[in-house]
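> Let me begin by handing over the structure; questions about it come next.
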Amino acid sequence: MPFLPLRLAVVCSSNQNRSMEAHNILSKRGFSILSFGTGTNMKLPGPARDRPNVYDFRAMYDDVYKDLLRKDKELYMQNGPRPERFQECKDLFDLILTCEERVYDQVVEDMNSGEQETCQPVHVINVNILDTNKEATLGAFLICDLCQCVQLMGDMEDGIGELLQAFEEKSGRSFLHTVCFY
């Protein structure tokens, strides 16, 4: 049977720190990854940690782009993928990773509120990650390790519980897990 790459999503509240760091690391490892926020606003890093650029998720990318260029073209041209709101995404994933329990609840609620059309399963896993630069980096590597192990499993249904238990013991963090359907 051919080896199919996982389709991944990583989600935090404002699609800024935690999900973007995981997106960066996973994409460098060759994963098919998209990152999202679930909140009402997207936050992009600003000139200082306590001064993010805040935009409504309904903001047009062109308007955000022009605003950032006006503020500091050099700083903002080096940033990665654009912010997206999870609830507006129509893509199908094999695995959705969230970075805090509140976001996990929002993702599961969104997944369960729609009509199941294909009955394709998607595993939703939460890894609590504090919203700091250091924790975002550590959490991103933990998520990457987890995704690499899941990719090697092939069939998530047969071993995901044991894998998560091993990761809990290894990392000292607890994981939430559920299966939703498209």
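The values are calculated or read from the model by the stated rules, or taken from the named source; none is laboratory data. What you see is a predicted model, and the numbers here were worked out from it, not measured in a lab. Cβ: placed from backbone, ideal geometry, glycine included. Neighbour counts: every protein chain shown. Each accessible area value is taken on the protein alone, full model and side chains, heavy atoms only, with ligands, DNA and RNA left out. Shrake-Rupley method; radii C 1.70, N 1.55, O 1.52, S 1.80 Å.
> What residue, among those in the stretch 55-103 that are out of contact with any Phe, Trp or Tyr (no Cβ under 9 Å at 6 or more places or on another chain) and of a type in the set (Asp, Glu), is modelled with the lowest pLDDT?
Checking each candidate, the answer is Glu74.
Yes or no, residue by residue, for (1) more than 30 Å from Asp62 (Cα to Cα); (2) surrounded by 12 or more Cβ atoms within 10 Å (Cβ to Cβ):
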{"site": "Gln87", "(1), (2)": "no, yes"}
{"site": "Asp94", "(1), (2)": "yes, yes"}
{"site": "Ser113", "(1), (2)": "yes, no"}
{"site": "Ile125", "(1), (2)": "yes, yes"}
{"site": "Leu130", "(1), (2)": "yes, yes"}
{"site": "Gly139", "(1), (2)": "yes, yes"}
{"site": "Cys147", "(1), (2)": "yes, yes"}
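Every residue, every condition in (1) of a type in the set (Phe, Trp, Tyr); (2) in contact with a Pro (Cβ under 9 Å, 6 or more places away or on another chain); (3) within 20 Å of Asn133 (Cβ to Cβ), yes or no:
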{"residue": "Asn24", "(1), (2), (3)": "no, yes, yes"}
{"residue": "Phe31", "(1), (2), (3)": "yes, yes, no"}
{"residue": "Asn41", "(1), (2), (3)": "no, no, yes"}
{"residue": "Glu84", "(1), (2), (3)": "no, no, no"}
{"residue": "Glu88", "(1), (2), (3)": "no, no, no"}
{"residue": "Leu92", "(1), (2), (3)": "no, no, no"}
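> If you don't mind, there's one more thing I want to ask. Return the pairs, sorted by first residue and then second, in which the second residue is small (Gly, Ala, Ser) and surrounded by fewer than 19 Cβ atoms within 10 Å (Cβ to Cβ), the first residue lies in the stretch 139-165 and is at pLDDT below 95, the beta carbons are less than 8 Å apart, and the residues are 6+ apart or on different chains.
Note: pairs meeting the criteria are Met153/Gly159.
> Would you pick out the residues in the stretch 149-160 that are touching a strand residue (DSSP E or B) at 6+ places or on another chain (Cβ under 8 Å) and open to solvent by less than 50 Å² (accessible area, probe 1.4 Å)?
Val150, Met156, Ile160
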